[in-house]
Amino acid sequence: MSRLITIVLILIGLALAGAPVRAQQAGAPGQEAPAAPYDADLQRLAEILGSLQYLRTVCGANEGQKWRSEMQALIDAEAPSGERRRQIVARFNRGYRGFEQTYRTCTPAADLAIRRYLEEGARIAREITARYAN
């Protein structure tokens with residue numbers, strides 16, 4: 001349950017900042033954690049975090065590694081190893097690289113994408129928290 005609380009705190013941070021929930025892992029140490037019912041949402045959040053890491057940097061937000069740090073907190077809480085971790089990391093990288101290939105400078109479209117991703121990330125965070133953080 002403490003991991004769920006960690007994820008809820010991350011989700012609240014995303015919602016307030018313009019980031020990410022956790023079920024308790026079952027199984028023996030070293031055993032792959034079972035998929036959580038919200039894994040698809042977590043993967044989408046990871047992609048959003050990757051997108052924000054690139055876009056906020058190119059648009060001069062001077063946040064350093066803020067979104068990468070949020071991603072690391074999500075990984076630490078949700079998927080310390082195995083296939084779940086690999087999938088979440090891959091989605092972060094997909095979000096980052098997708099915009100890296102498109103934007104070299106900040107444009108109005110990049111600003112719009114940032115706003116939309118902040119809104120979508122906050123919405124996903126609220127929904128995961130409402131559904132799974134009982």
Helices (runs of 4 or more DSSP H) (entirely within region 1-85) containing at least 1 residues that are modelled with pLDDT of 90 or more and aliphatic (A, V, I, L, M) | 39-58, 66-78
Determine which single condition Glu120 fails, assuming it passes every other condition in (1) exposed (fewer than 14 other Cβ atoms within 10 Å of the Cβ); (2) modelled with pLDDT of 95 or more; (3) charged (D, E, K, R).
-> (1)
Out of (1) surrounded by fewer than 18 Cβ atoms within 10 Å (Cβ to Cβ); (2) within 16 Å of the chain's Cα centre (by Cα), the one Thr105 does not meet is (2)
Show the residue pairs that are 6+ apart or on different chains and have beta-carbon atoms under 7 Å apart, the first residue being within region 54-70 and basic (Lys, Arg), the second being buried (at least 18 other Cβ atoms within 10 Å of the Cβ) and part of a loop (DSSP other than H, G, I, E, B).
-> none
Hey, could you check region 86-117 for residues that are of a type in the set (Lys, Arg) and within 13 Å of Val58 (Cα to Cα) and say which is modelled with the highest pLDDT?
-> Arg97
Selection count where residues are under 14 Å from Tyr54 (Cβ atoms) and either hydrophobic (A, V, I, L, M, F, W, C) or in a helix (DSSP H, G or I) (or both), scope region 86-117 = 17
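The values are calculated or read from the model by the stated rules, or taken from the named source; none is laboratory data. Please read all numbers here as calculations on a predicted model, not as lab measurements. Methodologically, a virtual Cβ is constructed for each residue, glycine included, from the backbone with ideal geometry; neighbour enumeration extends over all protein chains shown.
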